[in-house]
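Asks: This is the structure I want to talk about, given as C-alpha cells.
The values are calculated or read from the model by the stated rules, or taken from the named source; none is laboratory data. Treat the numbers as computed from the prediction; the structure is a model and nothing was measured. Here the Cβ is made from the backbone with ideal geometry for all residues, glycine too, and neighbour counts use every protein chain on show.
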Amino acid sequence: MTELALHILDIANNSTRANATEIKISVVADSREDLLTISVADNGCGMSEELLARVTDPFATTRTTRKVGLGIPLFKQAAESTGGALTITSKVGVGTTTTATFTLSHIDRVPMGDLTATMTTLIGGAPETDFVLHYEVDGRAYEFDTSPVREIMEGIPLSEPEVLGYIGEMIAENIENINGGIII
Amino acid sequence: MKTLEELQAIRERMKAKVNNRGVADASDFRIVVGMATCGIAAGARNTLAALTAEVEEKHLDNVIVSQTGCIGICRFEPVVEVFEPGKEKVTYVHVDAERARQIVASHIMNGNPINEYTYSYAVKEN
C-alpha cells in the first residue's frame, strides 16, 4: 500500500464486515518519541482465539472468494519494516482492536496519505456505522465523531454526497490545522 | 473553519432534495466498486471518489454508487461492476479515475458500454 491511510481503510473494512456499529480510529504522532501509533478499535463480532492466532498469516481469511487474506499481514509488514509492531486483541462478542506502531522518522515508513478520503470512503460505505477519528500530533488533538453529525442530519444518510463532501472538508481542515505544516 | 452549525443548512436543503427524488425507480443504474485489500491496494479509493464526484457533478440522480468486497479477480483490480435492470452486468477492469469518468460518460450517460475496458475483453486479449 502506498499510504497508511489505505491500510486504515482496509483494516476498518474488516470491522464493518464484523458488523461493528462503532469504529474508533486513532492516529497519534509523537515526534519527540519518534513514534506513530495507529489503532482501529471496533465493537464487532470479535475473533476466536484460534482465528486470532493465525490472522497475521497471509493464508488465513474468512473469505470464500479467494484463499488469501493480505490486509493484516501487509499492515504488519509496513509496521515492522520501520522497527514497529502490530498487535491485535479480540474477544468474541466484544470486538477487535488492531494497533500498529511505526518509527515516525524511519525511511521506510509509508506516508499517512489521504486520511480524509479514507474517512469519507468508510462513512460512505457504512453510513449507519458510528465512526470516531482521533488525530493527534505532538499533543495537538482533533476528534471527529459521526454521532453529532448524524443527530443534526435528522435521518438524512451521511452517505449523501453533499453531506459526505462537507464532512470531508471539515476533517481535512482540522487535520491540516493539527499538522501545522508538518506532513505525517 | 467548517462547523457543525453549517450542517443544519445542508440538512434543510437535503430534506427538500431527498423528498423530491423519492425512492429509487426501476431505471436505476448501480455502480459497484470492489474495495477489499486487493482493490484498495490497486487504487480503488480514488476510483470510487471519481465515480461519486462524477455522478454528483452530472446530477445523475438515477445512479447509485456503492462498495463491495473482493469480486474474486484480484489481478484485474480496481474492478467496477455496472448493473442495469434488464441487462447483463458489465464488469470493468483496471478502472482508474480516468476510466471511471469515461465509463460514466459513455456507458451511464449515453448507453454505450466501453468494450475495451471490460473483463471479458481483458481475458480474451491475454
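Asks: Output the number of residues of the stretch B:75-88 satisfying the condition of being surrounded by fewer than 20 Cβ atoms within 10 Å (Cβ to Cβ) and farther than 13 Å from B:ILE114 by Cα.
Replies: Number satisfying all stated conditions: 7.
Asks: Okay, moving on. Yes or no: B:THR3 within 12 Å of the chain's Cα centre (by Cα), hydroxyl-bearing (Ser, Thr, Tyr), over 25 Å from A:LEU74 (Cβ atoms) and within 10 Å of another protein chain (Cβ to nearest Cβ)?
Replies: Against the criterion (within 12 Å of the chain's Cα centre (by Cα), hydroxyl-bearing (Ser, Thr, Tyr), over 25 Å from A:LEU74 (Cβ atoms) and within 10 Å of another protein chain (Cβ to nearest Cβ)), B:THR3 does not qualify.
Asks: State which residue is surrounded by the fewest Cβ atoms within 10 Å (Cβ to Cβ) when the search covers only the stretch A:132-161 and only residues that are more than 7 Å from chain B (Cβ to nearest Cβ) and under 28 Å from B:HIS59 (Cβ atoms).
Replies: By that ranking, first place goes to A:GLY155.
Asks: Now, a different point. Yes or no: B:VAL33 outside any loop (DSSP other than H, G, I, E, B) and either more than 7 Å from chain A (Cβ to nearest Cβ) or among the β-branched types (Val, Ile, Thr) (or both)?
Replies: Spelling it out, B:VAL33 is indeed outside any loop (DSSP other than H, G, I, E, B) and either more than 7 Å from chain A (Cβ to nearest Cβ) or among the β-branched types (Val, Ile, Thr) (or both).
Asks: Could you check A:GLU173 against (1) of a type in the set (Asp, Glu); (2) over 29 Å from A:ARG32 (Cβ atoms); (3) within 9 Å of chain B (Cβ to nearest Cβ) and say which number it fails?
Replies: (2)
Asks: Does B:VAL23 satisfy being at pLDDT below 90 and assigned to a loop (DSSP other than H, G, I, E, B)?
Replies: It is true that B:VAL23 is at pLDDT below 90 and assigned to a loop (DSSP other than H, G, I, E, B).
Asks: A further question follows. In the set A:ILE123, A:ILE88, which member is within 14 Å of the chain's Cα centre (by Cα) and assigned to a helix (DSSP H, G or I)?
Replies: A:ILE123
Asks: Which residue out of A:GLY84, A:GLY93 is surrounded by 13 or more Cβ atoms within 10 Å (Cβ to Cβ) and of a type outside the set (D, E, K, R)?
Replies: A:GLY84
Asks: Could you give every pair whose Cβ atoms fall below 9 Å, whose first residue belongs to the stretch A:9-38 and is within 11 Å of chain B (Cβ to nearest Cβ) and closer than 17 Å to A:GLY95 by Cβ, and whose second residue is crowded, with 24+ Cβ neighbours inside 10 Å and of a type in the set (D, E, K, R), counting only separations of at least 6 or pairs across chains?
Replies: Every condition considered, the pairs that remain are A:ALA12/A:ASP42; A:ASN14/A:ASP42; A:THR16/A:ASP42.
Asks: Could I ask something else about it? Please verify whether A:THR118 is in a helix (DSSP H, G or I) and buried (at least 21 other Cβ atoms within 10 Å of the Cβ), treating the condition exactly as stated.
Replies: It is true that A:THR118 is in a helix (DSSP H, G or I) and buried (at least 21 other Cβ atoms within 10 Å of the Cβ).
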